[in-house]
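A quick write-up on the structure given underneath.
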Amino acid sequence: MITISQRQIPLLDLRAQHAKIRDEVVGAMMRVVDSQKFILGEEVQKLEEELAPYCGAKYAVGCASGSDALALALMALEIQPGDEVITVPFTFFATAGAIARQGAKPVFVDIEPATFNMDMNRVEDVLRSHPRARAVIPVHLFGGCADMDPLMELSARYGLQVIEDAAQSIGSEYKRRRAGSIAGVGCFSFYPSKNLGAYGDGGMLTTSDPKRAQRLQALRIDGRTGKYIHKWAGINSRLDALQAAVLRVKFRYLDRWTARRQQNADLYRKLLSAAGTPVTPPAAASYQTRHIYNQFVIRCPQRDKLQAYLREHGIGTEIYYPLPLHLQKCFAALGYQPGDFPASERASSEVLALPVNPEVSADDVEYVSETIRSFYA
């Protein structure tokens with residue numbers, strides 16, 4: 001039995017992670033500083049060459065953020081104002097935000113309660129009622145892949161483009177296939193809280209289509225195909241060379257960090273089950289052959305009170321996400337109402353992310369689990 005005492009277990013401890021690799025990171029950054037080559041260049045190219053095969057793709061294209069990766073993918077697929085793009089309401093805002101930025105209309109599909117990902121059994125009904133749908137963006141949420149085979153079959157029948165939002169899932173697998181390699185384009189984020197996080201913003205796209213890769217490379221530099229020659233109207237979204245240098249250092253540690261997250265997740269499941277608490281740990285579906293646990297998200301009664309109790313005991317948590325996108329004020333014109341997506345709305349009222357990052361020890365997991373047990377006891 002662990003005696004509950006005041007201690008600090010943050011949801012994410014980037015300082016502790018940095019301390020272990022500081023000399024390598026500083027050396028890599030100084031290499032860029034000494035070269036005075038800060039925009040794209042060799043560091044970005046090498047990162048792309050390293051990450052493309054890791055993600056199971058032939059090409060990787062670095063950009064300024066995960067949000068821009070989604071926007072660039074929509075541009076490359078020629079999504080136009082007035083088109084409809086299907087996605088989920090239970091995700092980070094950028095997924096639907098990129099659709100709206102393109103002038104297209106987000107169309108939502110509810111989630112599976114167990115995995116928090118798109119409920120593929122509901123997609124065809126939405127397609128039948130939305131003939132202007134031209135693309136679909138499944139989200140591989142919290143580090144676990146969505147069920148892609150049924151979606152790819154539907155997209156082929158209905159002539160839809162598919163963009164994988166893999167912002168939280170670099171290295172995760174669906175039936176042994178890596179996230180970002182299954183559809184036409186994959187989108188990743190290197191926001192600092194991600195499993196592979198930069199020291200600032202950063203993003204990447206993956207594809208195995210050479211023409212699409214060339215177009216994405218042009219679109220990220222304002223659609224430029226030659227010096228002052230612009231074939232398309234793109235955006236300025238270049239991955240910073242300093243960030244690429246940092247990411248190349250951290251990439252060498254990614255798999256061992258992922259293994260640690262998986263160990264922590266397994267221990268949470270064991271301890272929370274043994275404690276007999278009413279919380280529900282996240283489920284890993286059989287097709288999710290590699291879950292990377294960007295977040296370990298439980299469902300729990302009295303969620304807000306539990307979060308406050310954990311905070312009092314020095315345990316950091318976060319709610320991903322407290323309000324689904326169909327109820328956000330900026331999307332009010334879409335006409336959705338409370339109750340339209342019950343699984344997403346219920347998730348927003350029940351979910352709580354626990355510390356699962358590589359710096360969390362087994363003793364920390366035991367302390368968190370015991371504190372949860374004591375709350376419900």
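Bear in mind these aren't lab numbers, they're just calculated from the coordinates by the rules spelled out. Keep in mind it's a predicted model, so treat the numbers as computed, not measured. Here the Cβ is made from the backbone with ideal geometry for all residues, glycine too, and neighbour counts use every protein chain on show.
How large is ³J(HN,Hα) for each residue in the stretch 29-46, as worked out from phi by the Karplus curve 6.51 cos²θ - 1.76 cosθ + 1.60 (θ = phi - 60°), to whole Hz, x for Gly and Pro?
So the J values, rounded to whole Hz, are 5, 5, 4, 5, 4, 5, 6, 6, 10, 9, 10, 6, x, 5, 4, 5, 4, 5.
Per q in 0.18, 0.20 1/Å, what log10 I(q)/I(0) does a Debye calculation on the alpha-carbon atoms of the stretch 145-288 return?
Here log10 of I(q) over I(0) equals -1.18, -1.29.
When the dipole is taken about the Cα centre of the chain, and only Lys, Arg (+1) and Asp, Glu (-1) are charged at their Cβ, what size is it in debye, to the nearest 20?
So the dipole magnitude of the chain works out to roughly 640 debye.
Tell me the relative contact order for the stretch 71-227 as a rounded percent, counting alpha carbon contacts under 8 Å between residues six or more apart. All intermediate terms of the calculation are to be shown ahead of the outcome.
Details: 299 pairs, mean separation 28.1, N = 157.
Worked out over the stretch 71-227, it gives 18 percent.
Using the structure shown, list the pairs from 194/231; 211/250; 105/194; 105/231 with a Cα-Cα distance above 32 Å, or answer none.
Flagged as over cut-off: 194/231.
Picking from 145, 63, 55, which is most flexible by a Gaussian network model of the chain using Cα springs under 10 Å?
55
Of all the stretches in the chain, which is the longest one without any exposed loop site, taking trypsin sites (Lys or Arg not before Pro) in a DSSP loop (any state but H, G, I, E, B) with at most 14 other Cβ atoms within 10 Å? Mind showing how you got there, number by number?
On the way: sites that count: 7, 37, 58, 132, 175, 176, 227, 231, 252.
It works out to 253-377.
If amide H atoms are built 1.01 Å from N in the plane of the peptide, which residues on other chains or at least 5 residues away come under 5 Å of the amide H of residue 316?
The answer is 9, 11.
Two decimals, Cα atoms only, Kirkwood Rh: what is Rg/Rh over the chain?
Ratio of gyration radius to Kirkwood radius: 0.98.
Quote the relative contact order of the stretch 254-376 in percent (integer), defining contacts as alpha-carbon pairs under 8 Å separated by 6+ residues. Each step should come with its number before you reach the end.
Values: 146 pairs, mean separation 47.4, N = 123.
Dividing the mean separation by the residue count of the stretch 254-376 yields 39 percent.
Residues of the stretch 190-223 with amide nitrogen under 13 Å from the 7 Å Cα-to-Cβ point of residue 14?
From the stretch 190-223, the list is 190-202.
Which distance in Å, rounded to a whole number, links the C-alpha centroids of the stretch 256-304 and the stretch 172-210?
One Cα centre to the other: 22 Å.
Rounded to the nearest 0.05, what FRET efficiency do residue 230 and residue 309 have when you use their Cβ-Cβ distance and R0 = 51 Å?
E between residue 230 and residue 309, to the nearest 0.05, is 0.35.
Can you give the extra length, in nm with one decimal, that the chain gains between residue 319 and residue 362 once fully stretched, where that is 0.36 nm per residue apart less the Cα-Cα distance?
13.2 nm
Please work out the Kirkwood hydrodynamic radius for the stretch 254-376, using every pair of different C-alpha atoms, and report it in angstroms with one decimal place.
So the Kirkwood estimate lands at 15.6 Å.
Amide H of residue 230 versus every other amide H placed in the peptide plane: which residues, excluding those fewer than 5 positions away on the same chain, fall under 5 Å?
Counting only residues 5 or more places away or on other chains, the set is 225.
Run the simple label-point estimate for residue 26 and residue 93 please: 7 Å along Cα→C-beta, distance reported in nm.
A separation of 3.7 nm, rounded to one decimal place.
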